[in-house]
Structure formats: C-alpha cells, structure tokens
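Enquirer: Right, I'll just put the structure down here and ask away after.
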Amino acid sequence: MSITVHEVTKQYGSQWAVNGVSFEVKEGEIAGFIGPNGAGKSTMMKIICSYISATSGTVTVNGYDVQRQSKEVRRHIGYLPEHNPLYEDMYVREYLIFVAGLYRLGKLTGRRVAEMIEATGLGAEQHKKIGRLSKGYRQRVGLAQALIHHPSVLILDEPTTGLDPNQIIEIRNLILEMGKSKTVLLSTHIMQEVEAICRKTVIIDKGVIVADAAVGDMQRKSESGGCTVIVEFSAPLHPSDFSQMENIGQLHPLEENKWLIQSKKGDIREDLFRFAVDRQLAILELQLQEKSLEEIFHELTSRK
Ligand code: ADP
Ligand code: MG
C-alpha cells in the first residue's frame, strides 16, 4: 500500500473536520477523493503530506509514518495544494530552480527543471512571470513543482477547479500521463473527473467516509442492489404481461415496444431473455443503465 489512513481524526477547536477516516491507496493507483465543500478533503490531504498533524490516528506513505518520519514522507510525496499558491513575481524557470533548492537537488537541478518544463509543456512560458500566466498554465507550474523531486506518490487537491473546459482536459491528460508511473490521490467535487481519470474512489462527507470502492463497482451497485435496463421487444406488450416476473421493482413504458425496467435485486437481463423466448419475441435492444457517479454521490452525501 502506498497510502494507508487509519482511524484519523482532526479537530479544529470544537469542530471535527475529519472523524475516524480510514482508507488505502495501492501502489500505481489513481484514486479520487470526492466530497462536497467542507467535507474534510483538504484537511485529510494536508495530514497525508505531513503539513499538519492529526488529532489521532495514523497515516503512512510508502510505509513511513507521517508523524514520526515526516522527512521521508516529504521526499516520497509531491503535493499540489488547493488554490495552488505560487510566487507571482517569480519567473517560471526561476521558481522551479527555487523549488529544486528546497528539495536540495543540487547538481541535478538544471536537468530536473528542464525535464519538468518539457513534461508539463511550459517551454514557451518558462521566461514569463508566474503572475502573468493563465490559470491552466499556473496549474502546470504547480504540477511541475509537485513532481520535481520524482516523488512516487502525488497528492493533488482540486487540481482542475477554476479552469475552463479546455484547460480541464489538458490538466487531466497531464495527470493521466504522470499517473502512469505514480500513485495519485486527487480530490475533487466534480464527479465526471473521477469517472474520467480514477479507478478507485473514496467519498467523504462531513468528515466521515461514506463510500470506498472501485469506480465501476460503485456504479453497478445501486443502493437497492438492483439494476436498471432499457429493453426493446419486437412486439408491443401490456404491463400485465410482466406480472410473472418476480424480480421487477419498477416498470415504465417508454415507447410502444420499449420499456425501462428496474430490478428488485441484481441483474435482470437473463430473466428478460427467458421472458422473450417464452413469448416468442425477439429483443431488439437491451441496455444496462449504469448509475452515474453523480447520482451515487448525491445519494450518499445528501442523507442527513
Ligand atoms: P474540503 O477541502 O473538503 O472543502 P476542508 O478540509 O477544507 O474541507 O474543511 C473541513 C472543515 O474543517 C470545514 O468545516 C472547514 O471550515 C474546517 N476547517 C478547515 N481548516 C480549518 C482551520 N484551519 N481552522 C478551523 N477550521 C478549519
Ligand atoms: Mg478543500
């Protein structure tokens, strides 16, 4: 495991920002950390990066304890904080040389800075002041500073918030490219982002984990354990024709031959095939409707 978070709590005064959080991110995995504003994402990420300490609980990064071995943790981790604070008056290249200095890269500095400028596509902007860059390019600078010491674990706090759609796609592609050889934990409140780049997702709400699963598993598993399909038969049917099918939770006619069917439990597609064969009907179309993560997120975080 690259990141293990065990029973972590963080209290600010009387408020619990994070309350008994546990999850893991495996080596090489890109995990999405989703939750509404104020859920505790940034707090949890700062604890993982050993920026702030937890009130209780343990976190390890590549086996190092964030509390007791924070130097090792910082060496292994790259962090892009929320709002990406940068020195606006510094030039891009100058800033990256400065960051390389913080990591004591010494003789490696020139090579690493050049490598980062190349990898993040900052070539044409390297002699500009950071304050003059567009938000998308500032995020590239943020990614370059997070990666300059070749960390194996990358923590990205809302890396695409505030970007326009083109910039979002560019930054996502960069993350996907960089994520090929790294473990990535990325926070967001945008569900499509998780669907686009993450294999695993951890959903947090009010400081508590409400879901933790592979993205595909979560989409297949609706709250009732049922599934929704759209089916088109070769002939019209009446709702009463379905009365023998026990696994039907809901039945909605869409067109004369087309139905939206929600099962009570599990996959209903095989039952529908048998149903059609028994009536000598053909199935012209059969679609399993996966729930969008957006719907699942809403279901999980809107419960009081
Ligand atoms: P998220 O990143 O998911 O939006 P945060 O981790 O920033 O959530 O915040 C979680 C909760 O903790 C919020 O209610 C926030 O107001 C509170 N909080 C965050 N940082 C501090 C702080 N330094 N002092 C007091 N409360 C804080
Ligand atoms: Mg935040």
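Enquirer: What's the percent breakdown of Cα-Cα distances in region 35-81 across 5 Å bins, shortest bin first?
Expert: Per 5 Å bin, starting at zero, the Cα-Cα P(r) for region 35-81 comes out as 5, 24, 32, 22, 12, 5, 1 percent.
Enquirer: Can you compute the radius of gyration and Dmax for region 144-232, using only the Cα atoms, both in Å?
Expert: Rg, Dmax (Cα atoms, Å): 15.6, 56.
Enquirer: If you wrap the chain's Cα atoms in a convex hull and average its projection over all directions, what's the area in nm²?
Expert: Dividing the Cα hull surface by four gives the mean projection, 19.4 nm².
Enquirer: In the chain, what percentage of the DSSP-assigned beta bridges are antiparallel, given to the nearest 5?
Expert: The antiparallel fraction comes to roughly 65 percent.
Enquirer: Which value, in debye to the nearest 20, gives the size of the charge dipole of region 153-250 about its Cα centre, when Lys and Arg are +1 and Asp and Glu are -1 at the Cβ?
Expert: Values: 8 positive and 14 negative charges, 75 e Å.
Approximately 360 debye in magnitude.
Enquirer: Is there a quick way to get the dipole size of the chain? I mean about its Cα centre, with the Cβ of Lys and Arg at +1 and of Asp and Glu at -1; what is the value in debye to the nearest 20? Don't skip to the end; give the middle numbers.
Expert: Details: 36 positive and 38 negative charges, 330 e Å.
So the dipole magnitude of the chain works out to roughly 1580 debye.
Enquirer: Rounded, prolate or oblate, given the Cα gyration tensor of region 91-157, with a/c below 1.5 counting as rounded?
Expert: Oblate.
Enquirer: First obtain the Kirkwood hydrodynamic radius of region 227-304 from its Cα pairs, then insert it into the Stokes-Einstein equation at 20 °C and 1.002 mPa s, and state the resulting D in µm² per second as a whole number.
Expert: Approximately 160 µm²/s, per Stokes-Einstein.
Enquirer: Considering the dipole of the chain built from charges on the beta carbon (Lys and Arg +1, Asp and Glu -1) around the Cα centre, which of GLY32, SER2, ILE97 is farthest to its positive end?
Expert: Working it through, the farthest residue towards the positive pole turns out to be ILE97.
Enquirer: Determine the share of the chain's accessible area contributed by carbon and sulfur atoms, expressed in whole percent, with a 1.4 angstrom probe.
Expert: Roughly 48 percent of what the probe reaches on the chain is carbon or sulfur.
Enquirer: How much of the DSSP bridge set in region 109-227 is antiparallel, in percent, rounded to the nearest 5? Walk me through the numbers before you get to the answer.
Expert: On the way: 6 of 11 bridges.
Of those bridges, close to 55 percent are antiparallel.
Enquirer: For region 99-174, run through the trypsin sites (Lys or Arg not before Pro) and keep only the ones in DSSP coil with at most 13 other Cβ atoms within 10 Å of their Cβ.
Expert: Those that pass, being in a loop and sparsely packed, are ARG104.
Enquirer: Based on the Cβ-Cβ distance of SER134 and GLN289, what FRET efficiency does E = 1/(1 + (r/R0)^6) give at R0 = 51 Å, to the nearest 0.05?
Expert: Details: r = 39 Å, r/R0 = 0.76.
That pair, SER134 with GLN289, gives E of 0.85.
Enquirer: Could you tell me the largest-minus-smallest coordinate of the C-alpha atoms of region 1-45 on each of the three principal axes, in descending order and whole angstroms?
Expert: Principal axes ranked by extent give 37, 20, 11 Å for the Cα atoms.
Enquirer: Over region 149-188, what is the mean sequence separation of C-alpha contacts under 8 Å (at least six apart), divided by residue count, expressed as relative contact order in percent? Please report the intermediate quantities before stating the final value.
Expert: On the way: 35 pairs, mean separation 26.7, N = 40.
Across region 149-188, relative contact order equals 67 percent.
Enquirer: Quick one: accessible surface of THR58, probe radius 1.4 Å, all protein chains present, in square angstrom to the nearest 10.
Expert: 70
Enquirer: With every atom except the alpha carbons ignored, what do you get for Rg and Dmax of region 174-304, in angstroms?
Expert: 18.7, 56
Enquirer: Using +1 at the C-beta of Lys and Arg and -1 at the C-beta of Asp and Glu, which of GLY249, HIS150, ILE190 has the Cα lying farthest in the positive direction of the dipole of the chain?
Expert: It is HIS150, whose Cα lies furthest towards the positive end.
The values are calculated or read from the model by the stated rules, or taken from the named source; none is laboratory data. Please read all numbers here as calculations on a predicted model, not as lab measurements. Please note: Cβ atoms are built from the backbone with ideal geometry, for glycine as well, and neighbour counts cover all protein chains shown. Surface accessibility is based on the protein's heavy atoms, side chains included, excluding ligands, DNA and RNA. Shrake-Rupley method; radii C 1.70, N 1.55, O 1.52, S 1.80 Å.
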